[in-house]
1. Through the Karplus equation 6.51 cos²θ - 1.76 cosθ + 1.60, θ set to phi - 60°, convert the phi angles of segment A:262-278 into ³J(HN,Hα) values in whole Hz; use x for Gly and Pro.
2. Short version: ³J(HN,Hα) in whole Hz for each residue of segment B:176-182, in order, from phi by Karplus 6.51 cos²θ - 1.76 cosθ + 1.60 (θ = phi - 60°), x for Gly and Pro, what are they?
3. Note every residue of segment B:95-118 with a reduction of at least 30 square angstrom in accessible area, all protein chains present versus the isolated chain, computed with a 1.4 Å probe, or write none.
4. How long is segment B:11-144 along each principal axis, judged by its Cα atoms, biggest number first, in Å?
5. For B:Arg245 and B:Glu274, FRET efficiency with R0 = 22 Å and r from the beta-carbon atoms, rounded to 0.05?
6. Quick one: which residues, 5 or more positions from A:Gln89 or on another chain, have an amide H under 5 Å from its amide H? H modelled 1.01 Å from N in the peptide plane, none for Pro or chain starts.
7. Evaluate E = 1/(1 + (r/R0)^6) for B:Glu312 and B:Glu22, where r is the Cβ-Cβ distance and R0 equals 35 Å; express this FRET efficiency to the nearest 0.05.
8. So who's got an amide H within less than 5 Å of the one on B:Met233, skipping anything under 5 residues away but keeping other chains? H placed 1.01 Å off N, in plane.
Amino acid sequence: MLSYIIRRLLILPLILLGVTFLIFCLFSLLSPMERLATYVNNPSVLKNPQAAQRLIDKYHLDDPFPAGYIHWLKSLLKLDLGWSATANQPVWEAIMQRLPATMELVLYSIIPVILVGIWLGVISAVHHNDLLDQTIRVTAIIGWSLPTFIFGLLILFIFYGILGWLPPGRLSTWAQYIVYTSESFKHFTHFITIDALLNGRLDIFWDALKHLIAPIITLSYISWAYLLRITRSSMLETLRKDYIRTARAKGVDEKTVIYQHARKNALIPVVTVAGMMIIGMLGGVVITETVFTYPGLGFWAASSAQQLDYGSVIGFALLFAFIMVIGNLIVDISYALIDPRVRLE
Amino acid sequence: MENKNRDKVLEVKNLKTYFFTEDGIVKAVDGVDFEVYQGETLGLVGESGCGKSVTAFSILKLLDYPGKTVEGQILFKEDDLLKKSEEQMRKIRGKEIAMIFQEPMTSLNPVFTIGFQIAESLKVHYKMSNLEARKKVIELLEKVGIPIPEQRVDEYPHQLSGGMRQRAMIAMALACDPVLLIADEPTTSLDVTIQAQILELMKTLLKQFNSSLIMITHDLGVIAEIADRIAVMYAGKIVEYTDTRSIFFSPLHPYTFGLLTSIPRLDMEMEKLESIPGVVPDPLHFPEGCKFHPRCGFATERCRKEEPSLLEIENGHIVRCWQVDRVREEAKKIAFTRRLAVVE
């Protein structure tokens, strides 16, 4: 087991190198001048040929491909990803500033999706074809068939437009004022809900939560529905397996049969799907954040893409590629934890 | 018969298990009677689909939906299992009646160690601690002939060979010292050499544990090896029921006769391999009269119209056939050596 994890960890840098290489290939399709634009914070520099040339030399933008790649990698390691015109700050800072908001949204979506999705999937399978199963399935099919952007707009329309309960954005103005300007509000985790609780500000916690509910529902409904369906069919299949009958023939009670013998096997395909799903959620983040003007990475990436802000787009692409690679690693490791047959010698 | 003096462990009376499918009622087991005595092995023989496995699952009440036992009695130590609640059945399964399944690869859970799976029934029925159970499991693995049991106990089913897996299955079934073992084609998926080893092992262990066994198989070679008495099943009913010797030396039912003549032999000159013509009838549309008549070389008008009932023809030899006398004559004509070699 340990050797499996170590082996997977050793391959990791190689995969990441491959990722950077691909992104640099795309990057080098741009002319040196265009690439320079991703590094300068003052566009007027580009109008002065000598100053521009100096910067091109400084960033090695004119070098042959391999040399250029190595210099680019070096600057990546120094976290110098260029300048984001959209955010009006260096790309790395822009990412770090927006990451907590997105993480808060994604984590709050993923945890209930995995727990509730698997739980309902198992229940649905155990109560195969009952009313309960039918209800769960219909709800899941609706979620599965609604595109995120339509579902998001519907939620926004009903809960903000008509009812006015769940506003867009991340915080109300008064709360923003306290959170970002007040000296007394300490940022421990940069998750506003958690920080508000740690600061003992229930009113801010409630305000942040109200802003989070609609995006969480939008982001998670489709994944929840998908995970449920996979768990249900996998569970149904597992319950028909011979070893389930063996367990019953040993006198094991039904609860242990379902939640121990069957579920552990049924989860093997679910883990793969859940991993892919979480990675797919990153795409959903862009849409969801845009619909709800939620100031996270997705919202920023969407606006930079519209404004041809290459520096930001590349920064965003690199970040998501890294998250994806790490996500896959986690999936592989949990796969090996569940299924002993994967732990190859 | 000598059995009359021994304790009856199990008595199945007029067992009827039907499957209520959308296309109609499948009478998988339709009025089966047999008994198993202390320490004896009963062979349940028949083609696939004849209801022998369903009989086994009916005894343990482990039928899959939409199967249901609609009639009959299953007296285990004089208690009717069909009247027991699920809770009471659970205390019997694995402890009093244990089962060995056909395919050890799919019948063992791939994500748990074999040690865990064997220990489970010990923990369920005897409330053993992990440590006690582990000690007992290692002992059991040793008994079923698994080398280096201290190491094997922590291995997963995929790390064991087919024969080893079946040994682990047997250890699992014997863990709680069951009174009755039901083995559903335990050797079918194994190599012939391994088959012999497993049968030998089962014989030794049965003596050691003094358990009774119901051996379900379609393999007459296996049954000759291990069974004391044999019940031959066809289309959900018992067609012949007697001791092993009589089945092999003087079969009285045309189906048994056909099964025996279709065993290929290398030590005899045979012009062609005999077989029973036709296929097992569709359980939704059983033929009228005797269910075997469309495939039977002895069939007459009466067989087509009237279903025979089980009759004791000779002492302890029960047959369901109108043409017993003709079958007996025919069986005598066939060289004796032929069946003799199977038994010995």
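1. 7, 5, 4, 6, 5, 6, 4, x, 5, 4, 4, 5, 4, x, 4, 5, 5
2. 9, 6, x, 6, 10, 10, 10
3. B:Phe101, B:Thr106, B:Ser107, B:Asn109, B:Pro110, B:Val111, B:Phe112
4. Principal axes ranked by extent give 49, 33, 28 Å for the Cα atoms.
5. On the way: r = 22 Å, r/R0 = 0.99.
Here the calculated transfer efficiency is 0.50.
6. Residues meeting the amide H criterion: A:Ser84.
7. Details: r = 40 Å, r/R0 = 1.14.
Efficiency computed from Cβ-Cβ geometry: 0.30.
8. B:Val45, B:Gly46, B:Val239
The values are calculated or read from the model by the stated rules, or taken from the named source; none is laboratory data. Predicted model, so just to flag it, every value in this text is computed and none were measured. Cβ sites come from the backbone with ideal geometry, for glycine too, and all protein chains shown count toward neighbours. Heads up: the accessible areas ignore ligands, DNA and RNA and are worked out on the full protein's heavy atoms, side chains in. Shrake-Rupley method; radii C 1.70, N 1.55, O 1.52, S 1.80 Å.
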